[in-house]
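Working notes, beginning with the structure itself.
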Amino acid sequence: MTMSAQDVARIGQTGYATLEEAFAAATDGSTITLLSDCSGNGIKVPQGKYTQGLTVDFGGFTYTVDGDLVGSTGTETQAFQLLKDNNITFNNGTITSEKAKMLVQNYSNLTLNGMTLTLNNANYANAYTLSNNNGNVVINNTTINANPAGRFAFDVCRYSSYPSVSVTVTGTSVINGDIEVSASGNDAKDGFSLNLNGGTLNGNIVLDASAEAAMAAAPAKVEIQKSSDFTATAPAGYVWNSEGMLKPVPPVAQITRDGVDIKYATLEEAFADAQDGETIVVLADCSGNGIKVPQGKYTQGL
């Protein structure tokens, strides 16, 4: 096959009429180069096809997914699905869709360099632009735009039986939207991490209850970290420590009830929960709101 004026992508000197065809033809170690803005179907990368690697050089162009979507059987809602045991790099371009509910679902080792990922599905308010369920992901000099109708720019989701997932944001990346962290079955398995080493977050870090449970059960397997010059607000109940690691707020008070020590992040919370006849033990110097004790609440004593 040779090149033609209608080709939108090439591998070496072989041209392809669609990006989907180029992906289908690419072998391990290939580089696909986009030649123009184009649109087409969603693209699924099978498990283990690119163990040495696949590079897609978008050349500054945009791929719009407006055709058939991809995904697991019964959930074909994605523009790209990148399955595990692949090493994939996307360089210098834009992926967008108004049709997908998830722009990229990723299980591979994925690097995004100079990319823009934009999901704009006005009819779906529970969308993820980039969902990371397994593998090591690097977001470098890349902009990720959350769907304006709702939900997350990207997630860090240690999913199902997959062992681990790690996401690093670096360079001049801009994350426009929230980042969700979660763990299937409240289980960290081999671990999950989010490293905010460079760029800008125009949103919040949202810890799902499953992530909080996994962090509490296996703190050594979970790392949520930011560099000293990265601005990100800690979720409620957490703080950034001196090393930039996200940790639970240390308890300042404790009530022992039925032989179980219940700890509280504020003295106000301890007072609100305390039952008649109990003892609040203050564990550390602390500050907070004024505290009002209602009439007749502690007739036996506090």
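Sorting the segments 197-206, 69-78 by their residues' average number of neighbouring beta-carbon atoms within 10 angstrom, most packed first, yields 197-206, 69-78. Solvent-accessible area of the chain (1.4 angstrom probe, protein heavy atoms only): carbon and sulfur portion equals 46 percent.
Looking only at segment 25-67, which residues have a backbone nitrogen under 11 Å from a spot 7 Å from the Cα of ASP85 in the C-beta direction? Zone members listed by number: 47-51. Annotation for segment 123-168 versus segment 225-295: alpha-carbon center distance of 30 Å. Computing semi-axes √(5λ) of the Cα gyration tensor in Å directly from the structure and comparing it against (1) 38, 22, 17; (2) 28, 24, 19; (3) 47, 17, 17 singles out (3). Here's the picture: a label point sits 7 Å out from the Cα of ALA236 along the beta-carbon direction, and within segment 281-302 the residues with their amide nitrogen under 20 Å of it are 287-292.
Taking a straight Cα-Cα cut-off under 13 Å and skipping sequence neighbours fewer than 8 places away in the same chain, the aspartates and glutamates within cross-link reach of LYS297 are ASP273, ASP276, GLU278.
Taking 0.36 nm per residue of sequence separation and removing the Cα-Cα distance, the TYR124/SER160 pair yields an extension gain of 10.6 nm.
Working from Cα pairs under 8 Å separated by at least six residues, relative contact order for segment 147-217 is 36 percent. Multiplying the residue separation of ASP28 and SER287 by 0.36 nm and subtracting their alpha-carbon distance yields 87.4 nm. Summarising the label geometry, the points placed 7 Å from Cα in the beta-carbon direction at ASP190 and TYR298 lie 5.1 nm from one another.
Using a probe of 1.4 angstrom and keeping all protein chains present, the accessible surface of the chain works out to 46 square angstrom per residue. Put simply, when 86-97, 32-43 are sorted by average Cβ atoms within 10 angstrom per residue, most first, you get 86-97, 32-43.
From helices alone, the chain scores -2000 deg cm²/dmol at 222 nm; the rule is -39500 (n - 2.57) for each run of n ≥ 4 DSSP H residues, then divide by the residue total. Largest GNM mean-square fluctuation across GLU269, GLU180, GLU20, computed for the chain with C-alpha springs under 10 Å, falls on GLU269. Using C-alpha pairs under 8 Å with a sequence gap of at least 6, the mean separation divided by the residue count of segment 36-175 gives a relative contact order of 19 percent.
Close Lys pairs in segment 11-121, defined as Cα atoms under 18 Å apart and 8 or more places apart or on different chains, number 4.
Name the most mobile residue of GLN81, GLN225, GLN254, meaning the one with the largest mean-square fluctuation, in a Gaussian network model of the chain with Cα contacts below 10 Å. With Cα springs under 10 Å in the chain, the top fluctuation among GLN81, GLN225, GLN254 is at GLN254. Taking the Cα centre of segment 23-146 as origin and assigning +1 to Lys and Arg Cβ atoms and -1 to Asp and Glu Cβ atoms, the resulting dipole is close to 220 debye.
Across the chain, Cα pairs under 8 Å and at least six residues apart give a relative contact order of 8 percent.
Residue by residue, segment 44-52 carries 3J(HN,Hα) couplings of 10, 9, x, 4, x, 6, 10, 6, 6 Hz when phi is fed to the Karplus relation 6.51 cos²θ - 1.76 cosθ + 1.60 (θ = phi - 60°); x denotes Gly or Pro. Subtracting the Cα-Cα distance of GLU223 and THR73 from 0.36 nm times their residue separation leaves 50.7 nm of extension gain. If you plug the beta carbon distance of MET245 and SER36 into 1/(1 + (r/R0)^6) with R0 = 45 Å, you get a FRET efficiency near 0.50.
The values are calculated or read from the model by the stated rules, or taken from the named source; none is laboratory data. As the structure is a prediction and not an experimental result, all values here were calculated from the model. When we count neighbours, we look across all protein chains shown, and the Cβ atoms used for this are built from the backbone with ideal geometry, even at glycine. The area values use the complete protein model at the heavy-atom level, side chains included, leaving out ligands, DNA and RNA. Shrake-Rupley method; radii C 1.70, N 1.55, O 1.52, S 1.80 Å.
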